[in-house]
Every structure is written in C-alpha cells, then in structure tokens.
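What follows is a set of notes on a single structure, which appears directly below.
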Amino acid sequence: MGKIAGIRILLAAVLVMLLTACSTRHQVEIKPMEIKPIHITIDVNIRVEKALDDYFSDIDELEDEME
C-alpha cells in the first residue's frame, strides 16, 4: 500500500500544480485621460518683413522718379 499511496499523493500534487498553473487572473485599469491645452508660438517676422518691403518699395519708387 505504501507504493500506491505515494503514487496517489504524487498524482494529486501534479494535478494541483496543473490546475493552479492553468488559472490566470488579468486586471486592466482604465484611467481617465486628461486633455491639456496646446500652446503654439508663431513667428510673425514674415509679416513685418513684408510690411517693411512694401514701405521701402514706395521710397525706392520715389527715388527712381526723382532721378
């Protein structure tokens, strides 16, 4: 009986290990998203440069007319 009892204990242990190895637990946590404002800096040198070109083009035209 000793040998059969040892085999039963071994089989029970293997069965317990197999059953516990097959059980998994997954947990997914969903957190609310925070939307933050976006700050954009735009360089306005193009507008100033165009305005200056327009201003100086008037002066250049007057100089051409004077000559």
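Only the coordinates and a few stated rules stand behind these numbers; no lab work does. Given the structure is predicted, the values throughout are model-derived calculations rather than measurements.
Seen against the Cα atoms of the chain and their longest principal axis, helix 45-66 is set at about 20 degrees.
Which length gain, in nm to one decimal place, applies between residue 64 and residue 7 when the Cα-Cα distance is subtracted from 0.36 nm times their residue separation? Can you show the working numbers first?
Values: separation 57, 0.36 × 57 = 20.52 nm, distance 11.27 nm.
So the chain would gain 9.3 nm between residue 64 and residue 7.
Rounded to the nearest 10 degrees, the angle from helix 2-22 to the longest Cα principal axis of the chain is 20 degrees.
Helical runs assigned H by DSSP (4 residues or longer) give the chain a calculated mean residue ellipticity at 222 nm of -22500 deg cm²/dmol, each run adding -39500 (n - 2.57) before division by the residue total. Only one of [x] 82; [y] 150; [z] 104 was calculated from the structure for volume of the Cα convex hull per residue in Å³, and its label is [y].
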